Amino acid sequence: MNHKQRKMERAYAKFLIELGTDLKDSNFKDTAERVAKATLEMLAFEDPELFANEINHLFSKSFPSKYDGMVIVDNIKSKSICPHHMLPVKYVVDVGYISKSGSAIGISKLPRLVKMLAQRRVLQETYTDEIASILAHRLQAEGVMVIVRGDHTCMTCRGTNETDASTTTSSVYGLFKNDLGARQEFLSLINNHK
């Protein structure tokens, strides 16, 4: 166990005590430890240096390809933490790009990027644009389009208590921004799976 986790455990224990929790109760005996561990797991890429290294590693290999069509990975599930209330957010992400570089990355890199970017306290709007921006620049893509649907527990479990509401954001780069036909093709292809 590292120093950061121990500090978090002490802080969570104080928080639980403030709520009137009996930490000797068998239900709460190890709660502070579990919450600290879960928080660190969910926010694994908060460290900017670690994050930059992982991005570099993720895009370190590519494969020759003459394919110049659309590549789409849809229905990617990820989870994050809302920076405003520190409550969980569940995302479903659709990602598409058109490459111009004559090379392709392994398609598993797209879900990895999506999940990695979510493991920080980040606004959905920022999250959406970061996915698209990184893909556009790292792949030298002709176009990138990302759609993110989020279920925010800060809205479903408190405040307005909108249990069925979800939030949709999109980010569009290059060809998808300028070519209505490409954008419609992307939307048509992802909607065929729903």
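For the chain, the extents of the C-alpha atoms along the principal axes are 63, 38, 23 Å, listed from largest to smallest. Computed over the alpha-carbon pairs of region 1-67, the distance histogram in 10 Å steps reads 18, 32, 21, 14, 9, 5, 1 percent, short to long. Extent along the principal axes, Cα only, for region 80-194: 48, 26, 22 Å, with the longest axis given first.
For region 1-100, chymotrypsin sites (Phe, Trp or Tyr not before Pro) are listed when DSSP marks them as loop and at most 13 other Cβ atoms sit within 10 Å of their Cβ; the list is TYR67. Per residue of the chain, the DSSP helices (runs of n ≥ 4 H) give a summed -39500 (n - 2.57) that works out to -13000 deg cm²/dmol at 222 nm. Between the Cα long axis of helix 48-58 and the first principal axis of the chain there is an angle of about 40°, rounded to the nearest 10. Taking Cα atoms only, the orientation of helix 31-42 departs from the longest principal axis of the chain by about 10 degrees. With respect to the chain, whose longest principal axis is taken over its alpha-carbon atoms, helix 124-138 is tilted by about 40°. Taking a straight line from the alpha carbon of LYS115, these aspartates and glutamates sit under 18 Å away, with near neighbours fewer than eight places off in the same chain left out: GLU41, GLU46, ASP47, GLU49, GLU54, ASP74, ASP94, GLU125, ASP129, GLU130, ASP151. Beyond 27 Å in Cα-Cα separation lie the following of the pairs LYS4/LYS79; LYS37/LYS90; LYS109/LYS177; LYS4/LYS61; LYS100/LYS177; LYS66/LYS177: LYS4/LYS61. Distance distribution note for region 3-42: the fraction of Cα pairs above 15 angstrom is 34%. For region 54-166, the relative contact order comes to 30 percent (Cα pairs under 8 Å, sequence separation of at least 6).
Throughout, read-outs are computed from the coordinates displayed, never taken from laboratory work. As the structure is a computational prediction, the values presented were derived from the model and not from experiment. Every residue, glycine as well, gets a Cβ built from its backbone with ideal geometry; the counts of neighbours run over all protein chains shown.
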